[in-house]
Amino acid sequence: MKRDVDLQRLILAFIEEHSPPQGGLDRSLEIEGYDQATVLAHAQLLIEDGYVDGKVLETVFGPVNVAIRKLTNRGHEAIAATKNDTAWQKAKKTAVDKGASLTLGVLVEIAKLEIRKHLRLP
(Lines give C-alpha, C1' and ligand atoms only; values in the text may rest on other atoms or scores of the structure.)
Protein backbone atom coordinates (compact mmCIF):
# COMPACT_ATOMS: atom_id res chain seq x y z
CA MET A 1 0.00 0.00 0.00
CA LYS A 2 1.20 3.48 -0.81
CA ARG A 3 0.61 6.04 1.93
CA ASP A 4 -1.87 8.75 0.93
CA VAL A 5 -1.48 11.93 2.98
CA ASP A 6 -4.62 13.41 1.45
CA LEU A 7 -6.60 10.45 2.76
CA GLN A 8 -5.01 10.83 6.19
CA ARG A 9 -6.09 14.48 6.21
CA LEU A 10 -9.64 13.49 5.21
CA ILE A 11 -9.79 10.87 7.97
CA LEU A 12 -8.71 13.40 10.60
CA ALA A 13 -11.37 15.85 9.37
CA PHE A 14 -14.00 13.07 9.42
CA ILE A 15 -13.12 12.17 13.00
CA GLU A 16 -13.24 15.81 14.07
CA GLU A 17 -16.66 16.24 12.47
CA HIS A 18 -18.18 12.99 13.73
CA SER A 19 -16.82 12.81 17.30
CA PRO A 20 -19.30 13.66 20.03
CA PRO A 21 -17.89 15.14 23.28
CA GLN A 22 -18.08 11.79 25.07
CA GLY A 23 -15.81 10.20 22.44
CA GLY A 24 -16.22 7.62 19.74
CA LEU A 25 -17.74 8.26 16.33
CA ASP A 26 -21.39 8.93 15.60
CA ARG A 27 -21.13 6.97 12.32
CA SER A 28 -18.80 4.46 10.72
CA LEU A 29 -15.55 5.68 9.23
CA GLU A 30 -16.13 5.97 5.49
CA ILE A 31 -14.39 8.32 3.07
CA GLU A 32 -15.98 8.84 -0.34
CA GLY A 33 -13.80 7.66 -3.20
CA TYR A 34 -11.75 5.23 -1.08
CA ASP A 35 -12.33 1.55 -0.41
CA GLN A 36 -12.80 0.47 3.20
CA ALA A 37 -9.54 -1.52 3.40
CA THR A 38 -7.51 1.53 2.36
CA VAL A 39 -9.34 3.80 4.81
CA LEU A 40 -8.77 1.33 7.67
CA ALA A 41 -5.08 0.94 6.82
CA HIS A 42 -4.62 4.71 6.86
CA ALA A 43 -6.60 5.05 10.11
CA GLN A 44 -4.23 2.48 11.57
CA LEU A 45 -1.26 4.64 10.55
CA LEU A 46 -2.86 7.66 12.24
CA ILE A 47 -3.36 5.66 15.43
CA GLU A 48 0.22 4.36 15.33
CA ASP A 49 1.57 7.89 14.74
CA GLY A 50 -0.36 9.35 17.68
CA TYR A 51 -2.83 11.54 15.78
CA VAL A 52 -5.81 9.43 16.85
CA ASP A 53 -6.59 7.61 20.08
CA GLY A 54 -8.09 4.30 19.08
CA LYS A 55 -7.64 0.58 18.58
CA VAL A 56 -7.25 -1.44 15.43
CA LEU A 57 -9.10 -4.72 15.08
CA GLU A 58 -7.16 -6.87 12.68
CA THR A 59 -6.67 -10.35 11.32
CA VAL A 60 -3.65 -11.82 9.57
CA PHE A 61 -4.99 -10.13 6.42
CA GLY A 62 -4.85 -6.63 7.93
CA PRO A 63 -7.22 -4.25 9.72
CA VAL A 64 -10.91 -5.17 9.63
CA ASN A 65 -12.18 -2.30 11.76
CA VAL A 66 -11.04 0.54 13.98
CA ALA A 67 -12.47 1.76 17.26
CA ILE A 68 -11.86 5.50 17.45
CA ARG A 69 -11.98 7.17 20.87
CA LYS A 70 -10.93 10.69 19.91
CA LEU A 71 -8.38 12.89 18.21
CA THR A 72 -5.26 13.48 20.24
CA ASN A 73 -3.88 16.97 20.74
CA ARG A 74 -1.43 16.17 17.93
CA GLY A 75 -4.40 15.30 15.70
CA HIS A 76 -6.15 18.57 16.52
CA GLU A 77 -2.97 20.51 15.76
CA ALA A 78 -2.62 18.70 12.43
CA ILE A 79 -6.18 19.62 11.48
CA ALA A 80 -5.70 23.24 12.52
CA ALA A 81 -2.53 23.51 10.42
CA THR A 82 -3.93 21.78 7.34
CA LYS A 83 -7.56 22.88 7.33
CA ASN A 84 -6.94 25.59 4.75
CA ASP A 85 -6.75 23.97 1.30
CA THR A 86 -4.37 26.61 -0.02
CA ALA A 87 -1.91 26.06 2.85
CA TRP A 88 -2.22 22.28 2.38
CA GLN A 89 -1.49 22.43 -1.35
CA LYS A 90 1.38 24.86 -0.81
CA ALA A 91 2.85 22.58 1.88
CA LYS A 92 2.72 19.60 -0.49
CA LYS A 93 4.32 21.61 -3.30
CA THR A 94 7.04 22.93 -0.99
CA ALA A 95 7.83 19.40 0.23
CA VAL A 96 8.10 18.09 -3.32
CA ASP A 97 10.17 21.07 -4.48
CA LYS A 98 12.60 20.66 -1.56
CA GLY A 99 12.79 16.87 -1.98
CA ALA A 100 11.23 16.18 1.41
CA SER A 101 9.19 13.10 2.17
CA LEU A 102 5.45 13.52 1.86
CA THR A 103 4.61 12.43 5.37
CA LEU A 104 1.77 13.93 7.35
CA GLY A 105 4.18 15.15 10.02
CA VAL A 106 6.38 16.97 7.51
CA LEU A 107 3.39 18.51 5.76
CA VAL A 108 1.89 19.70 9.04
CA GLU A 109 5.16 21.41 9.96
CA ILE A 110 5.44 23.06 6.53
CA ALA A 111 1.80 24.20 6.74
CA LYS A 112 2.49 25.72 10.18
CA LEU A 113 5.45 27.62 8.72
CA GLU A 114 3.31 28.85 5.82
CA ILE A 115 0.64 30.07 8.23
CA ARG A 116 3.26 31.85 10.35
CA LYS A 117 4.66 33.52 7.21
CA HIS A 118 1.18 34.53 6.08
CA LEU A 119 0.46 36.05 9.49
CA ARG A 120 3.95 37.62 9.56
CA LEU A 121 4.83 35.85 12.79
CA PRO A 122 8.43 34.97 13.70
message: Projecting each Cα onto the charge dipole of the chain (Lys/Arg +1, Asp/Glu -1 at the beta carbon, about the Cα centre), which of Asn73, Pro122, Leu25 comes out farthest on the positive side?
response: Pro122
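Subtract the Cα-Cα distance of Val64 and Arg116 from 0.36 nm times their separation in residues, and report this length gain in nm to one decimal.
On the way: separation 52, 0.36 × 52 = 18.72 nm, distance 3.96 nm.
Full extension from Val64 to Arg116 adds 14.8 nm.
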- prompt: Between Asp35 and Asn73, what FRET efficiency comes out of the Förster formula 1/(1 + (r/R0)^6) with R0 = 41 Å and r the beta carbon distance, rounded to 0.05?
  reply: 0.85
query: Summing -39500 (n - 2.57) over the DSSP H runs of n ≥ 4 in the chain and dividing by its residue number, what mean residue ellipticity at 222 nm do you reach, to the nearest 500 deg cm²/dmol?
result: -17000 deg cm²/dmol
Carbon/sulfur fraction of accessible area - the chain, other protein chains in place, 1.4 Å, %: 53
- prompt: Hey, what angle do you get for helix 5-17 against the long axis of the chain, alpha-carbon based, 0 to 90 degrees rounded to 10?
  reply: 70
task: Can you tell me the dipole magnitude for the stretch 13-54 around its Cα centre, using point charges on the Cβ only (Lys, Arg +1; Asp, Glu -1), in Debye to the nearest 20?
output: 80
query: With θ set to phi - 60° and the Karplus curve 6.51 cos²θ - 1.76 cosθ + 1.60, what are the ³J(HN,Hα) couplings of the stretch 107-122 in order, to the nearest whole Hz, using x for Gly and Pro?
result: 5, 5, 5, 5, 4, 4, 4, 4, 5, 4, 4, 4, 8, 6, 9, x
message: Excluding same-chain pairs closer than 8 in sequence, count the lysine pairs in the stretch 41-97 whose Cα atoms lie under 23 Å apart.
response: 4
task: For Arg27 and Glu109, compute 0.36 nm times the residue count separating them, minus their Cα-Cα distance, and round to one decimal in nm.
output: 26.5 nm
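Relative contact order for the stretch 27-122: what is it in percent, counting Cα pairs under 8 Å that are at least 6 residues apart? Show your work: numbers first, answer last.
Numbers: 93 pairs, mean separation 17.0, N = 96.
Relative contact order for the stretch 27-122 comes out at 18 percent.
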- line: Sorting Val39, Leu113, Leu102 by the position of each Cα along the dipole of the chain (Lys, Arg +1; Asp, Glu -1; all at Cβ), the one nearest the positive end of that ordering is Leu113
task: Determine the per residue accessible area of the stretch 1-114 with all protein chains present and a 1.4 angstrom probe, expressed in square angstrom.
output: 58
field: Listed values (1) 7.5; (2) 8.3; (3) 9.0, entry calculated as mean projected area of the Cα convex hull in nm²
entry: (2)
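The values are calculated or read from the model by the stated rules, or taken from the named source; none is laboratory data. Note that the structure is predicted; figures quoted are calculated from it, not measured. For neighbour counting, all protein chains shown are included, and Cβ atoms are generated from backbone atoms with ideal geometry for every residue, glycine included. These accessible areas exclude ligands, DNA and RNA; they are computed on the full protein's heavy atoms, side chains included. Shrake-Rupley method; radii C 1.70, N 1.55, O 1.52, S 1.80 Å.
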